[in-house]
Amino acid sequence: MSNMENNDVDYLVISYYFPPRLETSGLVVARKIMEKNLNVDVIQSAYDESSDFNEIINKHINNRFPIDIKTKPDYIPFIFKYIDLGLKAIKKNYKKVYSRSYIYSNHFLALEYKFKNPNAEWTAEFSDPLLLNLYTGAIKNYPRAILDNSDYINKLNEKIEKFNEVSDTDFKALDNPNNTFFMAEYLTFIFADKIIFTNENQREVMLSVYDNELREFVMNKSKLEAHPTIDKKFYNFKDCEIRLDNNNINIAYFGTYYYIRHFESLFYAFEALNHKYKDKIKLYFFTSRAELLKVATGSLKISNNIIIEKPLKYFEFLNATTKFDILLINDTITKGHFKVNPYLPSKYSDYIGSGSDIWGICEEDSILSKKELMYKSSMTDYQSSCDVLIDILNDYGYEDQDYYFEDNIYEKRINELNWRFGFEFDERKKYLSRYNNLKEKNMTLNGELQTLMNKNKKLKAENDVLRKKNKNLKKENETLESKYNEIVNSNSWKITEPLRKLKNSK
């Protein structure tokens, strides 16, 4: 509990990931609390580690209700455990409740709280589409997300039916079994009092899979709210010890590197550039996918201009953004999967508070492409990255009238990537062959082991028979010994002893 004089808090925040855990969704929630200067109670995961951010947000927190669940978040057992423990932890009726996905189990808990406290104003926020797959745009249909629970579904359908009666709506009942990704969106759209989306494209994409009645219903109670930018003072809260050469143009990227969020157009352009000041440009990548990035860039001539680092802690990251000349940000590739790009990189809200210039590598008509950025190029237009590189060099006073770009760099890069793919494939094939050989040997050894186990089982059975015979003989011997002792100690035996002696003397 924080040291606040006002203990009468009427705002409950449901955010399983929350500081001290430094996960993006929880950090966004914490920054919203700080931005709006709220005093709240928080339901969150039980997390023992400390963080600087936790100390800062703590003055806004009256009570924390830590929930300890070992099951993987958003799996069906987790959802029901979270609801059960969460409702038990809540000790009062709140006027307002807020939940945010990720994780979407936050919405399930908030939904149940709303059922128990219908007068509470529930605000639900979606960080990204839940139902639609990021990589394909198709509806997620994972087996782990299919809920087969007629009692729970029937209870929810009763709530939907009553809501329809009161609200003069005609929202459809849920089928059983059902998809929990769908349920998290659908039920929240119906029962939450307010809905928050991070941008217009996200709202359009998420609502596109629902009928007109629900779309209009959600539009009327939803608003767009971008990720908040933390106060400027926190960019100097903790110094990042990175040392940069100020004679260079230092460009940095902070975040994940993967195949739908890459920098190939930049690499093509930089590799192709022939410019006497080319080496003034240094590209820094702070990413958890360092090995993948090293493989992707290791054979390039510009590899010496690329510095790959581990991710920084949050406040060190904020401070680092103030030290670089230009910050790189790129869209997620969605063309062919979504009508419009529903994603805005979360780092954008951190970048704009740094004071550094931003270079956005954008997908056409994305939210990022519509932002005011110092430099902007297309993810699919190699020439636009060439133009930006020259603009940057010129802006920093490094002009070369004789610069040019190699014409065949694209073909070279494709050939290099194909070669690398072939090499990786051959390496995997070699290891697969070794694996199969070892697997075959293992099967042979398992067969031999089974034979020995069968022999052992047979010998054990024979041993059991002999042990049983021995046991029976032992019992028979004990019986005979008992009879012998009985005869020897009997009166008749004692009386006839003289006769036995007489007989023996003859």
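Only residues that are touching a Ser or Thr at 6+ places or on another chain (Cβ under 7 Å) and either part of a strand (DSSP E or B) or under 22 Å from residue 107 (Cα atoms) (or both) were counted in the range 44-64, giving 3. Checking the stated criteria, residue 36 turns out to be under 29 Å from residue 316 (Cβ atoms), without any contact (Cβ under 8 Å) to a residue 12 or more places away in the chain and outside the structural domain of residue 343 (by TED's automatic domain parsing). Is it the case, given these coordinates, that residue 114 is surrounded by fewer than 16 Cβ atoms within 10 Å (Cβ to Cβ) and modelled with pLDDT of 90 or more? No, not satisfied. Taken together, the residues in the range 85-99 that are modelled with pLDDT of 95 or more, farther than 14 Å from residue 46 by Cβ, touching a helix residue (DSSP H, G or I) at 6+ places or on another chain (Cβ under 9 Å) and not aromatic (Phe, Trp, Tyr) amount to 3. Of the residues 170, 151, the single one that is in a loop (DSSP other than H, G, I, E, B) and in the same structural domain as residue 115 (by TED's automatic domain parsing) is 170. Return the residues of the range 204-220 that are of a type in the set (D, E, K, R) and free of Cβ contacts under 8 Å to residues at least 40 places away in the same chain; say none if nothing qualifies. Those that are of a type in the set (D, E, K, R) and free of Cβ contacts under 8 Å to residues at least 40 places away in the same chain: 211, 215, 216.
Report yes if some residue within the range 65-78 is among the hydrophobic types (A, V, I, L, M, F, W, C), assigned to a helix (DSSP H, G or I) and more than 14 Å from residue 103 (Cβ to Cβ); otherwise report no. Taking every residue of the range 65-78 in turn, none turns out to be among the hydrophobic types (A, V, I, L, M, F, W, C), assigned to a helix (DSSP H, G or I) and more than 14 Å from residue 103 (Cβ to Cβ). Among the criteria (1) in contact with a helix residue (DSSP H, G or I) (Cβ under 6 Å, 6 or more places away or on another chain); (2) within 24 Å of residue 77 (Cα to Cα), the one residue 230 does not fulfil is (2).
Yes or no: residue 241 modelled with pLDDT under 95, assigned to a helix (DSSP H, G or I) and of a type in the set (D, E, K, R)? Judged against the criteria, residue 241 is not a match.
Of everything in the range 381-409 that is in contact with a helix residue (DSSP H, G or I) (Cβ under 6 Å, 6 or more places away or on another chain) and part of a helix (DSSP H, G or I), the residue that is nearest to residue 246 (Cα to Cα) is 389. Checked against the criterion of being of a type in the set (Phe, Trp, Tyr) and either part of a loop (DSSP other than H, G, I, E, B) or under 15 Å from residue 262 (Cα atoms) (or both), the range 362-380 has no qualifying residue. Only one entry of 253, 235 meets the criterion of being part of a strand (DSSP E or B) and in contact (Cβ under 8 Å) with a residue 60 or more places away in the chain, and that entry is 253. Within the set 276, 323, 313, 301, the sole residue that is within 21 Å of the chain's Cα centre (by Cα) and either crowded, with 19+ Cβ neighbours inside 10 Å or not assigned by TED's automatic domain parsing to the domain that holds residue 26 (or both) turns out to be 313.
This table checks each residue for (1) surrounded by fewer than 19 Cβ atoms within 10 Å (Cβ to Cβ); (2) among the polar types (S, T, N, Q); (3) assigned by TED's automatic domain parsing to the domain that holds residue 135.
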| residue | (1), (2), (3) |
| --- | --- |
| 334 | no, yes, no |
| 357 | yes, no, no |
| 360 | no, no, no |
| 364 | yes, no, no |
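Out of the residues in the range 283-333 that are touching a strand residue (DSSP E or B) at 6+ places or on another chain (Cβ under 9 Å) and polar (S, T, N, Q), which is farthest from residue 356 (Cα to Cα)? Going through the qualifying residues, I end up with 297.
The values are calculated or read from the model by the stated rules, or taken from the named source; none is laboratory data. Everything quoted here is computed from the prediction, not taken from an experiment. As a convention, Cβ positions derive from the backbone with ideal geometry for all residues, glycine included, and neighbour counts pool all protein chains shown.
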